[in-house]
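Undergrad: Handing you this structure, nothing more for now.
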Amino acid sequence: ASDCTDVLGWADAQGNGCLEYMQNLWCLDGAVGPNWHAAWGTFEDHISPGGFDASEACCACGRVSICSNVEGWLDSLNLGCSGYERNQYCSDGGVGPGWYWEWGDIADYSVDGMDASQACCLCGRGNGVELGETQMVAVVTDIFYATLVLSMTEFYDFFPCSDAANQAYSWHMQR
């Protein structure tokens, strides 16, 4: 479908993205392709950390992109949806690898009550799929875990190893 756009940066649990699914003929014309092995199970057995499988993320595998970015939307720093995509501030419907936790939440950059998660498809607007309760919990859990890992990584980089264990609890409580 010409109106369909793959979810930028999507990868399954094994790290394969939409391009690999298409090039390896693991999916074709919106369904399982000729090179998909039955022993691998279904697409649902290979969901991304964000909770999406190939049929929800990749046009070649069946994704129907029904989302459009809000035309002309800019955040409080005059960055639009294309900037969020280019800088990888969003991915798979949530916070992306380019977003630093020190910046706060994406919602902190809203204008007139609208932030990137409400304006940009890549950040969560529409997503081309309706998220069920289980998928939403998975997305929130993964964002929390990624933030925790990033913050602890920076914490350990800041404090020498001998100090890190002693200070971790008080640092966590102060955040």
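The values are calculated or read from the model by the stated rules, or taken from the named source; none is laboratory data. All values reported here derive from a predicted model rather than from experimental measurement. All Cβ positions, even for glycine, are placed from backbone atoms using ideal geometry, and neighbour counts span all protein chains on display.
Undergrad: So, D157, is that one outside the structural domain of N16 (by TED's automatic domain parsing), farther than 27 Å from N16 by Cα and modelled with pLDDT of 90 or more or not?
TA: no
Undergrad: Checking D6 against (1) of a type in the set (D, E, K, R); (2) surrounded by fewer than 12 Cβ atoms within 10 Å (Cβ to Cβ); (3) on the phi < 0 side of the Ramachandran plot, which test does it fail?
TA: Of everything listed in (1) of a type in the set (D, E, K, R); (2) surrounded by fewer than 12 Cβ atoms within 10 Å (Cβ to Cβ); (3) on the phi < 0 side of the Ramachandran plot, D6 misses just condition (2).
Undergrad: Select from the range 72-112 the residues that are charged (D, E, K, R) and closer than 30 Å to D29 by Cα and write down the one among them that is farthest from the chain's Cα centre (by Cα). I'd like the intermediate steps shown before the answer.
TA: First, the residues of the range 72-112 that are charged (D, E, K, R): 75, 85-86, 92, 102, 105, 108, 112.
Subsequent filtering for residues that are closer than 30 Å to D29 by Cα retains 85-86, 92.
On the way: E85: 11, R86: 14, D92: 3 Å.
Out of the qualifying residues, it is R86.
Undergrad: Condition first: within 13 Å of D6 (Cα to Cα) and charged (D, E, K, R). Now tell me which residues in the range 16-75 satisfy that.
TA: E20, D53, E56, R63
Undergrad: Looking at the range 31-45 only, could you name the residues that are within 25 Å of C123 (Cβ to Cβ) and either in contact with a helix residue (DSSP H, G or I) (Cβ under 7 Å, 6 or more places away or on another chain) or assigned to a loop (DSSP other than H, G, I, E, B) (or both)? Working first, answer last.
TA: Of the residues in the range 31-45, the ones within 25 Å of C123 (Cβ to Cβ) are 43-44.
Answer for the range 31-45, where residues must be within 25 Å of C123 (Cβ to Cβ) and either in contact with a helix residue (DSSP H, G or I) (Cβ under 7 Å, 6 or more places away or on another chain) or assigned to a loop (DSSP other than H, G, I, E, B) (or both): just F43.
Undergrad: Take E71 and decide whether it is charged (D, E, K, R) and outside the structural domain of A119 (by TED's automatic domain parsing). Steps first, please.
TA: Numbers: charged (D, E, K, R): yes; outside the structural domain of A119 (by TED's automatic domain parsing): no.
In short, no.
Undergrad: Restrict the check to the range 85-102 and report whether at least one residue is in contact with a Phe, Trp or Tyr (Cβ under 7 Å, 6 or more places away or on another chain), closer than 19 Å to R125 by Cβ, hydroxyl-bearing (S, T, Y) and in the same structural domain as R125 (by TED's automatic domain parsing).
TA: So in the range 85-102, the residues in contact with a Phe, Trp or Tyr (Cβ under 7 Å, 6 or more places away or on another chain) come out as 89-90, 92, 96, 98-99.
Okay, now just the ones that are also closer than 19 Å to R125 by Cβ, so 89-90, 92, 96, 98-99.
Now restrict to residues that are hydroxyl-bearing (S, T, Y): 89.
Now drop any that are not in the same structural domain as R125 (by TED's automatic domain parsing), which leaves 89.
Yes - at least one qualifying residue is present in the range 85-102.
Undergrad: In the list C67, C59, which residue meets the criterion of being within 18 Å of the chain's Cα centre (by Cα) and within 16 Å of D12 (Cα to Cα)?
TA: Numbers: C67 fails: within 16 Å of D12 (Cα to Cα).
Every option except C59 fails the conditions.
Undergrad: S48: hydroxyl-bearing (S, T, Y), in a loop (DSSP other than H, G, I, E, B), in contact (Cβ under 8 Å) with a residue 40 or more places away in the chain and surrounded by 14 or more Cβ atoms within 10 Å (Cβ to Cβ), yes or no? So that I can check it myself, show each step before the final result.
TA: Working: hydroxyl-bearing (S, T, Y): yes; in a loop (DSSP other than H, G, I, E, B): yes; in contact (Cβ under 8 Å) with a residue 40 or more places away in the chain: yes; surrounded by 14 or more Cβ atoms within 10 Å (Cβ to Cβ): yes.
The answer is yes for S48.
Undergrad: If I filter the range 15-30 down to residues being assigned to a helix (DSSP H, G or I) and aliphatic (A, V, I, L, M), which single residue comes out as farthest from G62 (Cα to Cα)?
TA: If we take residues in the range 15-30 being assigned to a helix (DSSP H, G or I) and aliphatic (A, V, I, L, M), then L19 is farthest from G62 (Cα to Cα).
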